[in-house]
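Only one structure is covered here, and it is reproduced in the block below.
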Amino acid sequence: MNELYLYFRTVAAADDDALTGDSCCFPLSSFAGIEPTSAVTNTVGNAVTIYFKSIINYDGVDTDNTALHSDEVIVVLDSTATVKGFMEEFVEATNLAKAKPNKNFLVVADDSSSEYFSSLINNVNAITIQAILA
Amino acid sequence: MNEKYLYFRDQAGTDDGSDDSCCFPMSSLTGLLPASATTLSVFFKSMKQYDGDTIGSGEVVTTDIVTLTITEDKHREVIQDIMDSLLSNDTMITIGDDRVPTSFCSTNISAVASIVIDGANS
């Protein structure tokens, strides 16, 4: 079965998509979990943090004992959306996409094109990519 | 299903050194990130330290990185083209080959800017 790749973009204009943290694409196999977050203050609705294995360090290690953290995408939900509702739609969408033989790319949320896999999403608040170990 | 493999080469001429070209299994792809307005980086599990073990003082294991030169602000389009190419029936998929005549999986890729293979630790 093909891997599924998940895409996120937080910049509103495509010509601002130039830096780490502006957009990202993760394999679904790197998905580590979702939790509600209060890390973002917004007037829209609830927010969730989606965690993935670090793109840059992945199974990396640092013998100086620097902690290896996951990458994070914070997604702000629509005013009426619940966190559990989002989790259910995320799981359903990724399972449906993986079941299709000619689909390996799912736009979860793109603030530039206003394309969202679910109407429960309002915007991508932030993308945090862990820096390379040194 | 057979594994698929992604090929990159950043040399127009001689291809005889580490970082001149590389081939990764698709299962090693860890993600893609913009590096600048005109570059996109593709990350893979370390070829030389695959499972990430190292014990020497101050040593780290990170991913290998291939950076592609792309049309300005076309990161999403290039990612989409790479994903489409991974759906082909080929098992060896050329993402970018700077050898003349050049070959790229996307019309928005113009070169393989660099290949960085994480060095083997002691």
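Coordinate-derived values only; no laboratory data. Just so you know, these numbers come straight off a predicted model, no measurement behind them. Please note: Cβ atoms are built from the backbone with ideal geometry, for glycine as well, and neighbour counts cover all protein chains shown.
Quantify how strongly other chains surround peptide B:66-77 by giving the mean number of their Cβ atoms within 10 Å of each of its Cβ atoms.
Counting Cβ atoms of other protein chains within 10 Å of each residue's Cβ and averaging gives 3.
Once backbone amide H atoms are built at 1.01 Å from N, A:Ser54 has A:Asp71 as its partners under 5 Å, excluding neighbours fewer than 5 places away on the same chain. Close amide H pairs (under 5 Å, H built 1.01 Å from N) link A:Ile121 with A:Asp78, residues at least 5 positions away or on another chain.
Working from Cα pairs under 8 Å separated by at least six residues, relative contact order for chain B is 34 percent.
Just add up the charged neighbours of B:Asp16: K/R +1, D/E -1, any other residue whose Cβ is under 15 Å from the Cβ of B:Asp16. Taking every other residue near B:Asp16 into account, the sum is -3. For peptide B:51-62, the mean count of partner chain Cβ atoms within 10 Å of a residue's Cβ comes to 5. Note on region B:1-119: Rg/Rh from C-alpha atoms, Kirkwood Rh, equals 0.97. Counted over region A:5-128, the DSSP beta bridges are approximately 80% antiparallel.
List the relative contact order of chain A as a percent without decimals, with contacts defined as Cα pairs under 8 Å and 6+ residues apart.
Contact order relative to length: 34 percent.
Checking the Cα-Cα distances for A:Lys103/B:Lys45; A:Lys53/B:Lys4; A:Lys53/B:Lys48; A:Lys84/B:Lys4; A:Lys53/A:Lys84 against a 25 Å cut-off, the pairs over it are A:Lys84/B:Lys4.
Under Stokes-Einstein, with the Kirkwood radius over Cα pairs as Rh, the value for the protein assembly as shown at 4 °C and 1.567 mPa s is 69 µm²/s.
Rounded to the nearest 20, the Cβ-based charge dipole of the protein assembly as shown about its Cα centre (Lys and Arg +1, Asp and Glu -1) stands at 560 debye. From a point 7 Å beyond the Cα of A:Lys98 in the direction of its Cβ, which residues of region A:1-37 have a backbone N at a distance under 11 Å? Within reach of a label on A:Lys98: A:1-5, A:28-31. Evaluating 6.51 cos²θ - 1.76 cosθ + 1.60 at θ = phi - 60° for every residue in region B:86-97, the Karplus couplings come out as 6, 8, 5, 7, 5, 9, 9, 10, 7, 7, x, 9 Hz, glycine and proline recorded as x. The H on the amide N of A:Glu115, modeled in the peptide plane, is under 5 Å from the matching H of A:Asp110, each at least 5 residues off or on a different chain.
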